[in-house]
Amino acid sequence: MPSTEIPFDADPASRNKDNILEKPKQELKTLLKRAVCQHLKEEHLQKPMHGQYFKLVSEQGLSPELSFSYLTSPTLYPETEGYITAVQDGVFHTMAYAKRVLGMPLGDTRCTACRTHEETVMHLLSACPRYAPTLYTDRHNMAVCASALLPPQA
């Protein structure tokens, strides 16, 4: 059974229970919230599928603040957040996912668009030769226009 003790990763002086109880209420609340968030993050990273994107960000030395800044957008719908997170974690329904994770009896896991490579999230997002001449170029051009504050071309 997992421990219910909340790990405090604050300064060593605050690990003393008497010292923690002497902290002002707001500071104690902040310490507790930070500890709970850290515990949940560590728990999430232990999951075989759902922690993959977080591990990748950490291993590549990327900025978590920038990588996850879209989550603080007030215009992001919960459904969109869930969709993006599923793609990042690699649990988006592809032929490879259906065969390996869901255990569906598929003989062929090749991409339904190009029929030459295995259909994975990474293949669909960046390597499919069928999508490369159009969709990737369009996505790139939209990103360039957005970053330069230019109106997108039709």
* Structure fact -> Cα-based Debye curve of the range 29-154 sampled at q = 0.09, 0.12, 0.16, 0.18 Å⁻¹ gives log₁₀ I(q)/I(0) of -0.38, -0.66, -1.07, -1.23
* **Stokes-Einstein D for the range 74-139, Kirkwood Rh over Cα pairs, 4 °C, 1.567 mPa s (µm²/s)** => 99
* **At most 16 other Cβ within 10 Å, DSSP loop - chymotrypsin sites (Phe, Trp or Tyr not before Pro), the range 69-104** => Phe92
* Asked: Taking the highest mean first, how do the peptides 121-130, 29-38 order by number of other beta carbon atoms within 10 angstrom per residue?
  -> 121-130, 29-38
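Which order do Glu118, Glu43, Glu22 take by accessible area at a 1.4 Å probe, largest first?
Glu22, Glu43, Glu118
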* Structure fact -> Spelling it out for Val91: with amide H atoms placed in the peptide plane at 1.01 Å from N, the residues 5 or more places away or on another chain with amide H under 5 Å from its amide H are none
* Could you list which residues have their amide H under 5 Å from that of Arg110, counting only those 5 or more apart in sequence or on another chain, with H placed in the peptide plane? => Glu119
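The values are calculated or read from the model by the stated rules, or taken from the named source; none is laboratory data. Since the model is a prediction, treat every value here as computed from it, not as a measurement. Using ideal geometry, Cβ is built from the backbone for each residue, glycine included, and neighbour counts are taken over all protein chains shown. These accessible areas exclude ligands, DNA and RNA; they are computed on the full protein's heavy atoms, side chains included. Shrake-Rupley method; radii C 1.70, N 1.55, O 1.52, S 1.80 Å.
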